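The values are calculated or read from the model by the stated rules, or taken from the named source; none is laboratory data. Not measured: the values here are computed from a predicted model. Here the Cβ positions follow ideal geometry from the backbone for every residue, glycine too, while neighbour counts run over all protein chains shown.
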């Protein structure tokens, strides 16, 4: 009788433990496992051959820029020395992630950038990898998350635009403007931008908008280089503008789209500092056209930036992502 009671107690305990385990398992959310890539379809959509990395679970396609004959400090460059475009695809919990880099001549940068932005990709950096290169080579980094079909198709359109604009078939803005003979009306620019500017020596009208960041426990602002600025010269009918936008990471894509939508060229995207909070991204721009149109394009970018500041942030993959 005593033995029978012990057996019953042991069985009851085991049953409770099992039920408890099932309950705990049911209450614990399980992460969705990344799906498999259709590598053949990715090759078809991108128009490029790829390589599968079993160890990293990444499929990478490439577009060698064999058409570019460039030298760096007199050294004739080849594709393995850094003249290859690529895009890498990796499954993740939220679909698919793509990252890549595109090797571009200067006249290709903005036409290719517009194709990337128009097809749902993010442009995350634009800079040089060399000094003393002739012709000059720029590198445009891209990224994105979402549907495999859409991302691969977008990369394919970027690669197609690179081929289309190769051989000097891109865009190079030109203007016969002498800043010292400027006649543009700065008041009209102020009215469009909603910010005060100043007439500087040499016929340049400049608007500067300061922001702040925290670095090493101190607040830094406009005079320390945390600012957006635009300098314009020429006439109301035809002017040139150049400048710099300071943005959070979440503001970068909307500002890029607004500027490119206005026909203003992007000439660099990078950082100016380290350890700042929140992180600051900078883009440099160049535009040619009627002064009012340039001012409206800059205003559209400022408005896009303001819309991001006013919108709530979104959590993606454990990171705050501002839209």
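Which of the residues spanning segment 189-215 are on the phi > 0 side of the Ramachandran plot and in contact with a strand residue (DSSP E or B) (Cβ under 9 Å, 6 or more places away or on another chain)? Give the derivation first.
The initial filter retains those residues of segment 189-215 that are on the phi > 0 side of the Ramachandran plot, namely 194, 202-203.
Answer for segment 189-215, where residues must be on the phi > 0 side of the Ramachandran plot and in contact with a strand residue (DSSP E or B) (Cβ under 9 Å, 6 or more places away or on another chain): 202, 203.
Could you grab me the full set of residues in segment 228-238 that are part of a strand (DSSP E or B) and more than 18 Å from residue 266 (Cβ to Cβ)? Even if it seems obvious, please write down each step before you answer.
First, the residues of segment 228-238 that are part of a strand (DSSP E or B): 228-234.
Listed by number, the residues that qualify are 233, 234.
Please enumerate the residues belonging to segment 172-222 that are out of contact with any helix residue (DSSP H, G or I) (no Cβ under 8 Å at 6 or more places or on another chain) and assigned to a helix (DSSP H, G or I).
Scanning segment 172-222 gives 179, 180, 181, 186, 187, 190, 191, 222.
Report, by residue number, each residue of segment 259-302 that is in a loop (DSSP other than H, G, I, E, B), touching a residue at least 60 places away in the same chain (Cβ under 8 Å) and surrounded by 18 or more Cβ atoms within 10 Å (Cβ to Cβ).
Selection gives 280 alone.
Out of segment 41-83, which residues are in a helix (DSSP H, G or I), within 22 Å of residue 169 (Cβ to Cβ) and out of contact with any helix residue (DSSP H, G or I) (no Cβ under 9 Å at 6 or more places or on another chain)?
79
Somewhere in segment 248-257, is a residue within 27 Å of residue 202 (Cβ to Cβ) and either in contact with a strand residue (DSSP E or B) (Cβ under 7 Å, 6 or more places away or on another chain) or not assigned by TED's automatic domain parsing to the domain that holds residue 292 (or both)? Walk me through it before giving the result.
Pass one, segment 248-257, residues within 27 Å of residue 202 (Cβ to Cβ): none.
No, every residue in segment 248-257 fails to be within 27 Å of residue 202 (Cβ to Cβ) and either in contact with a strand residue (DSSP E or B) (Cβ under 7 Å, 6 or more places away or on another chain) or not assigned by TED's automatic domain parsing to the domain that holds residue 292 (or both).
For residue 245, are the conditions met, namely being under 28 Å from residue 177 (Cα atoms), assigned to a strand (DSSP E or B) and free of Cβ contacts under 8 Å to residues at least 60 places away in the same chain?
Details: under 28 Å from residue 177 (Cα atoms): yes; assigned to a strand (DSSP E or B): yes; free of Cβ contacts under 8 Å to residues at least 60 places away in the same chain: no.
No; evaluated as a whole, the condition is false for this residue.
Cβ-Cβ below 8 Å, separation at least six or inter-chain, first residue in segment 91-116 and not assigned by TED's automatic domain parsing to the domain that holds residue 142, second surrounded by fewer than 24 Cβ atoms within 10 Å (Cβ to Cβ): which pairs?
Nothing qualifies.
Run down 151, 184, 232 and say which single residue is in contact (Cβ under 8 Å) with a residue 60 or more places away in the chain, more than 29 Å from the chain's Cα centre (by Cα) and crowded, with 20+ Cβ neighbours inside 10 Å. So that I can check it myself, show each step before the final result.
Values: 151 fails: more than 29 Å from the chain's Cα centre (by Cα); 232 fails: more than 29 Å from the chain's Cα centre (by Cα).
None of the others qualify; the one that does is 184.
If you go through segment 107-121 one residue at a time, how many are surrounded by fewer than 17 Cβ atoms within 10 Å (Cβ to Cβ) and touching a strand residue (DSSP E or B) at 6+ places or on another chain (Cβ under 9 Å)?
Total satisfying the criteria: 1.
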